[in-house]
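Structure first, then comments.
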Ligand code: SAM
C-alpha cells in the first residue's frame, strides 16, 4: 500500500517542479491537506512566488464606481433584487478625484470596479480612461465591470485600459446556472476569451465555498485556470450576505481558501494574485496568510469614504484600517513585518520562459 503521507509530499514536489497535476492528483491533495497539513504546500508556493517576484507585494487602488447592478447573482449583496441597499454611482469627477488622491498616495494602478450598470456607457468610460491615462501616464488602469460585448471591451482597451478582472465564478456549467439567475455560463466564458484575444492582462477567479461546490469542482477550476493562463487570479472565500438567498449558507473557510491560493501559485507561477478583501474580512490574519500562501497583490480601497459601506457584496466586508488606501504607510509596515516589501510600481505581469 502506498504511504499516503509520502504520496502527499511527492505530489506537492511534483507540482512545484512541473506546475501541473491532473484531476485525480489534485483531488488527493484537496482531500488530504487537512490531515497532512498545508505548511509544506504553502512553503513551496512561497518559494515559487519568490523565484519570479521576489518579496514584492504590489498595491492597487480600488475605486468602487457603482453598486447598481442588472445581474441577480444569488451570492452577491449588490444584486438587482436587493431592495435594502442604498444605491450610488460615482460621477466622472469623483472617480478622477479618487484616482488623483490615490496617485498622490503613490498608487500606480487604479482598479475601477462596479456592478453591471448601464449608466456607464462606452462613451463615458472611454472619456474616464483617456483622462486617467493623460493625467497619470505612468499608471495602469484595470477594469472590473462585468460582462460587456466584444466591441465594448475593444473600445475600452483602445482608450487605454490595460487589464480586466472578470471572475469566471465556476467552470461547471450546472453550478454556474445554479448560483446565477440572469447570467449565462457560455457568455461568461466567452467574455474571458474575448478579453484575452483583445490583449488585456486578464484576471479570472472564483469563490471558495460557494454553496454546492465540490472538491471535484475545485480541482477543475484549477485545470481551467491552467488552460486559460490568466495574468491575474482573484480567489476569495464565499461569505453570505444577509439580503441574499444564500444568507444562511456557510462561508468558505480560511484554510480552504489558503490551500487554493497556494495551489494556484504553483499552477501559475507568474500570476498576479491578490490576498483579497474577502480573505481579510473572514479572519484577522487572512491577508497575512494569503501572502504567505503565494499571493502578491493587495488592493486597498480608494473609493470616497462615504460610499464604502454601500458597496456591500457580503456581510462583514472590511473597508477600514489596512483595507483603506489612506493607511498605505501602515499597510506597508505591516507587510514588511511579515517579510515582504511593498512595490508601488504598476506591477505588470512578468513574462518568463520556463527553463
Ligand atoms: N460586476 C463585476 C463582475 O461581475 O465581475 C465586478 C463586481 S463583482 C461584485 C466582484 C466579485 O465579487 C464577483 O466576481 C464575486 O466573485 C465576488 N463576490 C460577490 N459576492 C460575494 C460574496 N457573497 N462572497 C464573496 N465574494 C463575493
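Please list, in order, the residues from region 280-295 whose amide nitrogen is less than 20 Å from a point placed 7 Å along the Cα→Cβ vector of residue 40.
292-294
If the convex hull of the alpha-carbon atoms of region 244-314 is projected onto planes in all directions, what is the mean projected area in square nanometres? The partial results should precede the final answer.
Working: hull surface 23.1 nm².
Here the figure is 5.8 nm², rounded to one decimal.
For the Cα atoms of the chain, what angle does the longest principal axis make with the long axis of helix 150-159, in degrees from 0 to 90, nearest 10?
70
As a test, work out the antiparallel percent of DSSP beta bridges whose residues both lie in the chain, rounded to the nearest 5.
Percentage antiparallel, nearest 5: 5.
Starting from the Cα of residue 149, step 7 Å toward the Cβ, then list every residue of region 168-208 with an amide N under 12 Å from that point.
Counting backbone N atoms under 12 Å from the label point, the list is empty.
Counting other beta carbons within 10 Å of each Cβ, put 152, 303 in order, fewest first. Before the final figure, lay out the partial values.
On the way: 152 16, 303 23.
Listing 152, 303 from fewest to most nearby Cβ atoms yields 152, 303.
What is the fewest-to-most order of 311, 6 by other Cβ atoms lying within 10 Å of their Cβ?
Ordered by Cβ neighbours within 10 Å, fewest first: 6, 311.
So between residue 255 and residue 5, what do we pick up on full extension, going 0.36 nm a residue minus the alpha carbon distance? Show your work: numbers first, answer last.
On the way: separation 250, 0.36 × 250 = 90.00 nm, distance 1.90 nm.
The span from residue 255 to residue 5 would gain 88.1 nm if fully extended.
Between residue 320 and residue 181, what length in nm is gained on full extension when 0.36 nm per residue of separation is reduced by their alpha carbon distance? Mind showing how you got there, number by number?
Working: separation 139, 0.36 × 139 = 50.04 nm, distance 3.18 nm.
Length gained, residue 320 through residue 181: 46.9 nm.
What FRET efficiency do you get for residue 305 and residue 158 if R0 is 35 Å and r is their Cβ-Cβ distance, rounded to the nearest 0.05? Write out the running numbers ahead of the final one.
Values: r = 33 Å, r/R0 = 0.95.
Taking R0 as 35 Å, the efficiency between residue 305 and residue 158 is 0.60.
Treat the count of other C-beta atoms within 10 Å as a stand-in for reagent exposure and order 12, 210, 181 from fewest to most. Intermediate values should be presented prior to the final figure.
Numbers: 12 23, 210 20, 181 13.
Least crowded to most crowded, the residues run 181, 210, 12.
Can you pull the percent of Cα pairs in region 205-355 with separation above 19 Å? Intermediate results must be reported in sequence, preceding the final value.
On the way: 6298 of 11325 pairs.
So the portion of pairs separated by more than 19 Å is 56 percent.
Calculate the tail of P(r) for region 276-355: the fraction of all Cα-Cα distances greater than 21 Å, expressed in %. Walk me through the intermediate numbers first.
Numbers: 1076 of 3160 pairs.
Tail fraction, whole percent: 34.
Calculate for the chain the 222 nm mean residue ellipticity that helices alone would give, adding -39,500 (n - 2.57) per DSSP H run of length 4 or more and normalising by residue count, nearest 500 deg cm²/dmol.
On the way: 13 runs with 153 residues, N = 355.
Calculated at 222 nm, the ellipticity per residue is -13500 deg cm²/dmol.
Compute the long axis of helix 92-104 from its Cα atoms, compare it with the longest principal axis of the Cα atoms of the chain, and write down the angle in degrees, 0 to 90, nearest 10.
60
Work out how far the C-alpha atoms of the chain reach from end to end along every principal axis, then list the three figures in whole Å, largest first.
66, 40, 38
To the nearest 10 degrees, how steep is helix 122-135 against the longest Cα principal axis of the chain, on a 0 to 90 scale?
Around 80 degrees separate the two axes.
Taking the simple approach of a point 7 Å from Cα along Cα-to-Cβ for both residue 51 and residue 226, what is their distance in nm?
1.5
What nm value, rounded to one decimal, do you get for the distance between residue 121 and residue 25 when each label is placed 7 Å out toward the C-beta?
5.3
Please compute the length gained on full extension between residue 138 and residue 14, using 0.36 nm multiplied by the number of residues separating them and subtracting their Cα-Cα distance.
Numbers: separation 124, 0.36 × 124 = 44.64 nm, distance 3.95 nm.
Here the segment from residue 138 to residue 14 would lengthen by 40.7 nm.
Take the Cα gyration tensor of region 1-83, multiply each eigenvalue by 5, square-root it, and list the three semi-axes largest first, rounded to whole angstrom. Kindly include the intermediate steps, with their values, before the conclusion.
Working: eigenvalues 278, 90, 22 Å².
Here the semi-axes work out to 37, 21, 11 Å.
Read-outs: derived from the displayed coordinates by stated rules, not from any lab. Model, not experiment: these values are computed from the prediction. In this analysis, Cβ positions are derived from the backbone assuming ideal geometry, glycine residues included, and neighbour counts consider all displayed protein chains.
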